[in-house]
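Structure, as structure tokens:
The values are calculated or read from the model by the stated rules, or taken from the named source; none is laboratory data. Computed from a predicted model, the values in this text were never measured in an experiment. Here the Cβ positions follow ideal geometry from the backbone for every residue, glycine too, while neighbour counts run over all protein chains shown.
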Amino acid sequence: MLSALNVDYLSDLPPPDPSREKLYDAIAVGRDIPIKNMGLIAEAFRQAGARHPLSFLIINGSLPSDYREERGGTTVLGRQDRSAVAGYLQRSRLHVMLSLELGGYINLEAASYEVPTLCLDGFGASQMLSPTVPYRILLEDLEAGTIAQTLVNLLMDRSKLRQEGNKQKSSAQRFIEDNRQKFDCWLRESV
């Protein structure tokens, strides 16, 4: 489970700026390793963009920080610092994390900006954010075409995106508080 030692860093993020225009329909952030499914996300973005005029951003932590490539409606950037990622999150309508990991602070960062996360059911993000059904992908549905269709369906309803963003923000805040209390209890017992 996520270590409570590090959740306080969320308070150091730039505050939400509601005046910021949404530049990207969806964003994915992660290193290019199999557990993170970044290649699958890139293909789903490509397929969704072929169906609708959507804009996507991938921040690939495995690439150099000066890397930039345009692939149709998808911009791919290399590694970025935390404040830059926070700015990109704020300018996105949906965060996509289909990682097989149990943690992932980026989910909490997205939620702090009321940007909902589309995630894998039963893994870290779904445990932290308690997303409603359309924002959870089942492991057996982890396929680019299914994900692309889900992306299109979610992005076409702006009011539901906002509602889900608000709900996930509340869930993330509860998760952080529960996690902090569990860590504090463990620390008292071990000293």
Original post:
Taking only pairs six or more apart or across chains, which ones have beta-carbon atoms under 7 Å, a first residue in region 113-128 that is surrounded by 24 or more Cβ atoms within 10 Å (Cβ to Cβ) and modelled with pLDDT under 95, and a second residue that is of a type in the set (Asp, Glu) and not in a strand (DSSP E or B)?
Top reply: none
Original post:
Hey, does region 63-74 have a residue that's touching a Lys or Arg at 6+ places or on another chain (Cβ under 7 Å), surrounded by 17 or more Cβ atoms within 10 Å (Cβ to Cβ) and without any contact (Cβ under 8 Å) to a residue 60 or more places away in the chain?
Top reply: yes
Original post:
If you go through region 75-102 one residue at a time, how many are in contact with a strand residue (DSSP E or B) (Cβ under 7 Å, 6 or more places away or on another chain), surrounded by fewer than 20 Cβ atoms within 10 Å (Cβ to Cβ) and of a type in the set (S, T, N, Q)?
Top reply: 2
**OP:** Within region 110-128, track down each residue that is part of a helix (DSSP H, G or I) and over 25 Å from LEU23 (Cβ atoms).
**Re:** GLY124, SER126, GLN127, MET128
**OP:** Please find, within region 129-170, the residue that is modelled with the lowest pLDDT out of those that are closer than 19 Å to SER92 by Cβ, in a helix (DSSP H, G or I) and hydrophobic (A, V, I, L, M, F, W, C).
**Re:** LEU129
Original post:
Taking region 71-84, which residues are within 15 Å of TYR24 (Cα to Cα) and modelled with pLDDT of 95 or more?
Top reply: THR74, THR75, VAL76, LEU77
Original post:
Quick one: what pairs do we get from region 84-109, first residue touching a residue at least 60 places away in the same chain (Cβ under 8 Å), second of a type in the set (Lys, Arg) and surrounded by fewer than 24 Cβ atoms within 10 Å (Cβ to Cβ), C-beta under 7 Å, 6+ apart or different chains?
Top reply: GLN90/ARG20; ARG91/ARG20; ARG91/LYS22; SER92/LYS22; ARG93/LYS22; SER99/LYS36
Subject >> Failed item, numbered, when ALA110 is tested on (1) closer than 14 Å to ILE35 by Cβ; (2) touching a Leu at 6+ places or on another chain (Cβ under 8 Å); (3) of a type in the set (A, V, I, L, M, F, W, C) >> reply: (1)
Original post:
Counting only residues that are part of a loop (DSSP other than H, G, I, E, B) and polar (S, T, N, Q), which one in region 41-77 is nearest to the chain's Cα centre (by Cα)?
Top reply: SER55
